[in-house]
Every structure is written in structure tokens, then in C-alpha cells.
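All remarks here apply to the structure that follows.
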Amino acid sequence: MNKALDRSLIKRLLAADCEDPLASTDQLTSQEIPPGVDRRTFLMRSAVGGAAAVMMGHSISAQERTAKALATLPQASSPKPPLAADLNVVKKGQGPVLTTADEFYKVGPGPSSSHTIGPMRITYDFYQRATKLPADKLARATKLQVNLFGSLSATGKGHGTERAALAGLVGNEPATVDPKFLDSLRDKPDQTFPVKLGDKSINVSLKDIIYDATKGDFKHPNTMTVKVLAGDEVLLEQEYYSVGGGFIEWKGYTPPKKNPPKYPFRLMKELRAHADNNKISIAKVILANEMSIAGRTEAEVYAFIDKIINAMVATVKSGLSMSEDDVLPGPIKLHSKAATVYKRAMDDKYASDKGIGALSAFALAASEENGRGHLVITAPTGGSAGVMPALVYGLLEVRKLDRQKVRDGMLAALAIGYLCKHHATLSAAEGGCQAEIGVASSMAAALIATAYDAASLVVENAAESALEHHLGMTCDPVAGYVQVPCIERCAFGAVKAWTAYAIASNEIASRHRIDFDATVMALAQTAKDMNSKYKETSEAGLAQSVVLC
Ligand code: SF4
């Protein structure tokens, strides 16, 4: 056993008892159990060592027990780390949360923020870079080429990644692209489009988007490269990573400089302390930080939040307007059912059944829109884009809550998403579905609690509970399409959010035993330990057991 590793492991295990479970981001971004060491074996040996000492009449400290367990473990080869250490998405947990609302809530085409919105942003970014090449280079350019790797290649066909990538290359941005344009690429895949680079015009088509290696030593599971070629000569090439929730990075990426937040926080514990010490809500802490980090006025922040609220309401309405005869794209031949579920739920005898049925229908509606490749809002991702809109629609359009309450809820939900992104992941390719629907449900629970003026501890407890009960949930989309289990899963995420709020607002808040920070740590660790087959590869779970005919 490597001594340095031994010492660092002991330090981390001892840190598990300290007050702040996320005090060191190392706990999340490096392994608790040494590489190659089976966790169960380690824990069993640790327990056996302790029990033996007690039987012999010796007391044994935690340190001694850890050291003994390590000493008896067999050596094993180290598995490769799943992500490169220099990715910002890996390093980010060390400072205060600096993410802003417009980086987080993004409008774009479904069905997947990491497989459609991210790739479209990437090729659009590359297109902008390519236009800046010197004129003599541009004059020699003959071809633009995109290569998709890892999960982007394994499940990109089902997600429409090639269409999104082509759309970005020809100058479309996710928030403004016409979904009909993407539909036309699906219906007429042989179309070519001229891309203007200086005086040159290069024709591109779906043939220029290449599904490359699905497995390899990639810095991130969602890796892609984009090139300008002159014959075989590469004039410009950039490697990119779609790191989840529509966020992108590239080789050599450095995060943009931002202003310091008014209320710096790295943990929920710190965030709540700001709220409680200043006698303001979590939502108001986030509002103040948005204003200071992004240099925006309060009116500008609310205008953006209103835009997102309106887009969420629109996506539910649009989904509910589709009839049962509508069949979603792809081989599953899944019928839309949001409208039917809603209508029939309204006929239910009991008000509670109506409520659960309607909330489920709203989530199905927005999620089916995602399955159609229509515009959705990342909250935090495309696959989970039915959860938050269901609650926003329900609170605003059905319960007729004051808009300001919903705005505050949207801000509190951001805090949850930020913390999960900061310390764990929003990417199913890194953490399975717990990172998507789990985070969405947790955000939605914070939204409801805040909209109903709950105390900050209740907001935390509701968010914690919703996240806790998604831990371990895998990602296994059938045939690579974000439809099964994704669409119904959004409905469950929405209902679980309400359950979490119902429990949190009715229990004695101070007796809630698990804090949000500990659950985020569990999310990160579970993501790390999850078998890679369950991370958006469509190689296992339902994707394997369901036979389409
Ligand atoms: S199973 Fe979950 S994480 Fe995977 S694509 Fe569906 S919604 Fe996204």
C-alpha cells in the first residue's frame, strides 16, 4: 500500500466525523476508498479488526482500525479516473459558488442538454472561432468535420446529437433555433448547407458529423472535436467537452473572471447562515449574489427569471395540447399521453388523486416536448426538463400563486442546482439519472417550499429529502432515446418533490436528521462508484432488458 495514499485516506476517513462534510472538496473529487480496493471488503475488514480487538479486551481507535483494515487488504491495480483532473468541472468545488442564473437555466432544443444543447453550443462556438482564422487559411479550407466520442457517440443517434451539432455549425444557437429546422434535418437527412468562412463557402451535411469511438481515454465522457480541414491538413482543431446541463468546456478552458458574490457560500450550511443571520430568505441571498456576480440590477435578474418561468409554462401548455395520436420520434413509437392523463385525472373522485394526476400530466407534457426535440429549459438538464415546469405551472397557473413567490422559488431552486453542480455533477454520463431527475426534484422541492414562505431550514430539508430519495438512480434510456424511462421519470420527480415538501413542512424541522450537504456528498460519491454502463450508455438496465418490436 502506498504510504502517501494511506495517510490521505486516513485523514479523509477521520474527516468524516467532522461537522462539515464538504469541508474539503477532495472528499468528493478523489476516492474515499483507495483505487482498486473493494469498499465492502475494506469496511468488513475494518469492522472485523475492531471486533477482534474488543474481544481481546483492547480498545481500538478509529485510526488504528483504519490502518489495520488497510494493512490486510489485497493490492489491486488502480482503475483509471473517470475525469481528467484539469477539467474545470472537476476543480470547481474549491471556491464559492459563482454560477449565475443565465448559465444554469438555458432554453434550447431537447432531448438532452448534454447531447443536444451542449454540442450545438460547441459547434456554434467553433464556427465563431473558425471565422477568425487568417484569410489565407480560410481560402484553403475545404471541409468542416465534427467527431463525437464516448457517450455522445454511444447514444448520440437517439438524442439527435448529429442534428444539433450540424445546426450549431451552420450558425444556430440553442435558445433561438427553430425546432422545425431540426425536424427537417431528421426528415431529410441528405440536405447540405453552405457555411460562410470569410470569402469561402463550405457545404456541410450530417455526413460531416462522425460517430467516433464510444470507449477510450477521454477527459470527459462527452468529448467531441471540431476541425477545419484543407484536404487532409488540419487548419484548426478544438477538443470540447459537454459537461452536463448544457455547460461546455474545451481543452485549455479557463473559467471567465467574475465579480465576488455578496454572500459567498460553498455549502448549504453557509448559504443558510447568510439567510438566517441577515433575516432574509435563501432566494434573496441568491438574488443579491446574482446582482453582484453578474453586475445586474434586481429588475434584470427578475426579467430573466420571468423569461424562464414563461418558457416553462409554454412548454407545459404546448405538451398538453398534443393529442394521444401523436407519436414521439424514434423506434419506441411512444404515444403522447400528457393530455389524456390530465383529462382523466380531472374526472377522479378525490381531490388528492386529481392533484397527483394533474402534476404528473404537467411533467409528462414538458418532458414529451423534450422527447419531440422542441424547446425546453435546462433545470438542470433536458432529460429532467419536465420536473420544474410541472411545479411552476401548477403553482402559477393552477394554484394562482403570486408571481413573486414563484420567482423566489426559482431563485431558491437555483441554489440547489448550483450546489449539486459545484460539488457533484449534473451529467448523467458522469452520475446517472440521480444527477438529472434527482437534482431536478430537489430543486423543485426548494421551489415549492420557498413559494409557500417556508423557513430556510424547511427549504433545505425539502431539497435534501427529494435528492436523498433519488440517490443511486441509474441512466438507461431505451434505444438511446430520452423517452423511456425519462418521460415518466419526470412525473415521479415532480411528485416526489411535492412529497418532500409535504414531509419537510409538516415534520419538526430541527429534527430532520440528514443535512443537504451530506446528501450532495453521497450524490458525488455514488456517481463515482456507479458502474459506467448506467451512465447514459444505453448498455444496461431497461435499455438492455426492453426488446423493441
Ligand atoms: S434516464 Fe434519466 S438521466 Fe438518463 S436520459 Fe433519461 S432522464 Fe436523462
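Out of the residues in the stretch 126-158 that are closer than 15 Å to Asp208 by Cβ and β-branched (Val, Ile, Thr), state the one that is farthest from the ligand (Cβ to nearest atom).
Thr142
Name the residue, out of Ala363, Ala358, Ala379, Ala345, that is in a helix (DSSP H, G or I), within 15 Å of the ligand (Cβ to nearest atom) and within 24 Å of Tyr452 (Cβ to Cβ).
Working: Ala358 fails: within 15 Å of the ligand (Cβ to nearest atom); Ala379 fails: in a helix (DSSP H, G or I); Ala345 fails: within 15 Å of the ligand (Cβ to nearest atom).
Every option except Ala363 fails the conditions.
State whether the residues of the stretch 395-402 include one that is modelled with pLDDT of 95 or more, open to solvent by less than 10 Å² (accessible area, probe 1.4 Å) and within 16 Å of the ligand (Cβ to nearest atom).
no
In this structure, is Glu507 over 24 Å from Arg407 (Cβ atoms) and either of a type in the set (D, E, K, R) or within 16 Å of the ligand (Cβ to nearest atom) (or both)?
Judged against the criteria, Glu507 is a match.
Inspect the stretch 128-146 for any residue being modelled with pLDDT of 95 or more, open to solvent by less than 30 Å² (accessible area, probe 1.4 Å) and within 23 Å of Ala440 (Cβ to Cβ) and give the result as yes or no.
Scanning the stretch 128-146, I find no residue that is modelled with pLDDT of 95 or more, open to solvent by less than 30 Å² (accessible area, probe 1.4 Å) and within 23 Å of Ala440 (Cβ to Cβ), so the answer is no.
Could you tell me whether the stretch 385-392 includes any residue that is buried (at least 24 other Cβ atoms within 10 Å of the Cβ) and in a loop (DSSP other than H, G, I, E, B)?
Checked the stretch 385-392: at least one residue is buried (at least 24 other Cβ atoms within 10 Å of the Cβ) and in a loop (DSSP other than H, G, I, E, B).
Scan the stretch 309-321 and report the pairs whose first residue is on the phi < 0 side of the Ramachandran plot and in a helix (DSSP H, G or I) and whose second residue is open to solvent by less than 40 Å² (accessible area, probe 1.4 Å) and of a type in the set (Asp, Glu), with Cβ atoms within less than 8 Å and a gap of 6+ or a chain change.
What qualifies is Thr315/Glu369; Ser318/Glu369; Gly319/Glu368; Gly319/Glu369.
Filtering the stretch 435-453 down to residues that are closer than 12 Å to Ser281 by Cβ and open to solvent by 10 Å² or more (accessible area, probe 1.4 Å), which residue is farthest from the ligand (Cβ to nearest atom)?
Among those that are closer than 12 Å to Ser281 by Cβ and open to solvent by 10 Å² or more (accessible area, probe 1.4 Å), it is Asp453.
The values are calculated or read from the model by the stated rules, or taken from the named source; none is laboratory data. Predicted model, so just to flag it, every value in this text is computed and none were measured. Backbone-built Cβ (ideal geometry, glycine too); neighbour counts: all protein chains shown. Ligands, DNA and RNA are excluded from the accessible area calculation, which covers all protein heavy atoms including side chains. Shrake-Rupley method; radii C 1.70, N 1.55, O 1.52, S 1.80 Å.
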